[in-house]
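S.K.: Right, I'll just put the structure down here and ask away after.
The values are calculated or read from the model by the stated rules, or taken from the named source; none is laboratory data. As the structure is a computational prediction, the values presented were derived from the model and not from experiment. Ideal geometry is used to build each Cβ from the backbone, glycine not excepted, and the neighbour counts take in all protein chains shown. Each accessible area value is taken on the protein alone, full model and side chains, heavy atoms only, with ligands, DNA and RNA left out. Shrake-Rupley method; radii C 1.70, N 1.55, O 1.52, S 1.80 Å.
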Amino acid sequence: MSASLPGSRDVPNSQYDLTSYWGRVRHAADISDPRTLLVSGAGLEQAKSLISMYKQNKIPTMTPELWKAKKVVDSTLHPDTGEPVMLPFRMSAYVLTNLVVTGGMLTPGLGTAGTLLWQVGNQSLNVAINNANANKSTPLSTSQIAKSYLMAVTASCSVAMGLKALVPRLKGISPNTRLILSRLVPFAAVASASALNVFLMRGEEIRRGIDVYPVLSDAERAKRDAGGDDTEPVQSLGKSKKAATLAVGETAISRVLNATPIMVLPPLILVRLEKTAWLRANPRLVLPVNLGLILTTSLFALPLALAAFPQRQAISAASLEEEFHDRGGHQGMVEFNRGM
């Protein structure tokens, strides 16, 4: 992100009000905009150059061109490392990459082998996305990633296969209800495994803590902006396990919030559409209709879920470990990167 680029002047976090939910939704829509995937390497370098010029006081104010450059930088670079996130695992690619595995998991009449295959594929993608977008102040080792991956895959497959076997045995329910429940099995598996996946992939953050920083007042920010290139970056106050627990927990909740409409609405709508004369007469259209429903739902659901909690989160230092209690910045607050 822009914080990793040269220059002492702070770039505004967003052109939207991040203290409000709808402001964060609009900001998240920018970060997850698939069109940013079309920006070339040269375009990214140009965007980085523009942001650096602003941070070095060579450009006096934010302009529409600068906001566009910040959108490209924020959707491409990791906020901790300053390096580009691998393209398939960026939030801007989330809708497109998940369309494939979600479409597979929600295929009507999927057998045992297909169920297992798509659950493994989904959890493999989740592991890659969670690792690529996690807070990098406490990275996981390769062995920890492998262990977490195996546990997440085992959990999702167990839930999916257990519910798939249970639903046909339910008595006292109508065939239509049984059909709806069978279509919702992937949701139960994905929701539970997605939350578990986040905790497994980012468990090291909870065990070791993540970096927290003092929140600067407006006067302190203005002083830093006027300080020139010699101004030192804001130093970490240390690693907090409580901040890490909050960051990982909120990310897990946002994953479930994102999965819920995507895994629930398309199968329920498809059940209704399959009863229409039009789709009965055109069974080959079931797959494209299903993918269209998933894509449409995903485009709306992702920004709404990402905006549930701020990415750069500020909390009272008094709510963290005792070592941070008297070390907060403006109004006793500290901040940290929640990850995505």
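S.K.: What share of Cα pairs, in percent, lie more than 18 angstrom apart in segment 1-84?
M.R.: Of all Cα-Cα distances in segment 1-84, 39 percent exceed 18 Å.
S.K.: I need the trypsin sites (Lys or Arg not before Pro) found in segment 244-291, filtered to DSSP loop residues with at most 12 other beta carbons within 10 Å of theirs.
M.R.: Passing both the DSSP loop test and the Cβ count: K275.
S.K.: Another question about this same structure. Largest first, please: the extent of the C-alpha atoms of the chain along each principal axis, to the nearest Å.
M.R.: If we take the Cα atoms of the chain, the spans are 70, 44, 34 Å.
S.K.: Keeping all protein chains in place, calculate the accessible area per residue for the chain (probe 1.4 angstrom), answer in Å².
M.R.: I get 48 Å² per residue for the chain.
S.K.: Percent relative contact order of the chain, based on C-alpha pairs within less than 8 angstrom and at least six residues apart?
M.R.: Relative contact order for the chain comes out at 21 percent.
S.K.: Convert each backbone phi in segment 66-79 into a coupling constant with the Karplus relation 6.51 cos²θ - 1.76 cosθ + 1.60 (shift: θ = phi - 60°), then list the ³J(HN,Hα) values in order as whole Hz, x for Gly and Pro.
M.R.: Working through the residues one at a time gives 5, 5, 5, 5, 5, 4, 5, 5, 5, 7, 10, 8, 6, x Hz.
S.K.: Something else about it: 5 Å is the cut-off here: which amide hydrogens, built 1.01 Å from N in the peptide plane, fall below it relative to G238, excluding neighbours closer than 5 in sequence?
M.R.: Close amide H contacts, sequence-distant or interchain: V212.
S.K.: What is the distance, in nm, between label points placed 7 Å from the Cα along the Cα-to-Cβ direction at Q144 and at N176?
M.R.: For Q144 paired with N176, the spin-label model returns 5.1 nm.
S.K.: Karplus couplings for segment 185-197 from phi (6.51 cos²θ - 1.76 cosθ + 1.60, θ = phi - 60°), rounded to Hz, Gly and Pro as x?
M.R.: With the stated coefficients, segment 185-197 comes to 4, x, 4, 4, 5, 5, 4, 5, 6, 5, 5, 4, 4 Hz.
S.K.: To continue, here is another question. On the principal axes of its Cα set, how long, how wide and how thick is segment 1-156? Give whole Å, largest value first.
M.R.: 61, 34, 33
S.K.: I'd like the carbon and sulfur percentage of the solvent accessible area for the chain, probe radius 1.4 Å, heavy atoms only, ligands and nucleic acids excluded.
M.R.: 62
S.K.: Here's another thing I want to ask about it. Scan around M333 for amide H atoms under 5 Å from its own, H built in the peptide plane at 1.01 Å from N, and keep only partners 5 or more places away or cross-chain.
M.R.: Correct list: V215, A317.
S.K.: Hey, what do the phi angles of segment 108-115 turn into as Karplus ³J(HN,Hα) couplings, whole Hz, using 6.51/-1.76/1.60 and θ = phi - 60°, x for Gly and Pro?
M.R.: Per residue, the Karplus-derived 3J(HN,Hα) values read x, x, 5, x, 4, 4, x, 4 Hz.
S.K.: Further question on the same structure: Using the alpha-carbon centroid of each, what span in Å lies between segment 249-278 and segment 128-187?
M.R.: Taking the Cα centre of segment 128-187 as reference, the centre of segment 249-278 is 15 Å away.
S.K.: Another question, then. Dividing the alpha-carbon Rg of segment 158-281 by 2.2 N^0.38 Å yields what?
M.R.: So segment 158-281 has a normalised radius of gyration of 1.76.
S.K.: Expressed as a whole number of Å, what is the distance separating the alpha-carbon centroids of segment 71-96 and segment 106-120?
M.R.: If we compute the Cα centre of each part, the gap is 29 Å.
S.K.: Something else now. So for the pair A219, Y21, with labels modelled 7 Å out along Cα→Cβ, what separation do we get in nm?
M.R.: The answer from the label model is 3.6 nm.
S.K.: What is the ratio of the Cα radius of gyration of segment 210-332 to 2.2 N^0.38 Å, where N is its residue count, to two decimals?
M.R.: Here the Cα radius of gyration is 1.73 times the empirical estimate.
S.K.: Determine the calculated [θ] at 222 nm for the chain from helices alone, applying -39500 (n - 2.57) to every DSSP H run no shorter than 4 residues and normalising by the residue count; nearest 500 deg cm²/dmol.
M.R.: Per the formula, -19500 deg cm²/dmol.
S.K.: Let me ask you something else. Mind pulling the angle between the C-alpha long axis of helix 142-166 and the longest principal axis of the chain? Nearest 10 degrees, somewhere in 0 to 90.
M.R.: 30
S.K.: Here's a follow-up. Taking only Cα atoms and a 10 Å spring cutoff, compute GNM fluctuations for the chain and point out the largest among G104, G41, G249.
M.R.: Maximum fluctuation in the GNM of the chain, among the listed residues, is at G41.
S.K.: Among N282, N290, N197, which one moves the most in a GNM of the chain with springs linking Cα atoms closer than 10 Å?
M.R.: Evaluated over the chain, the most mobile residue of the options is N282.
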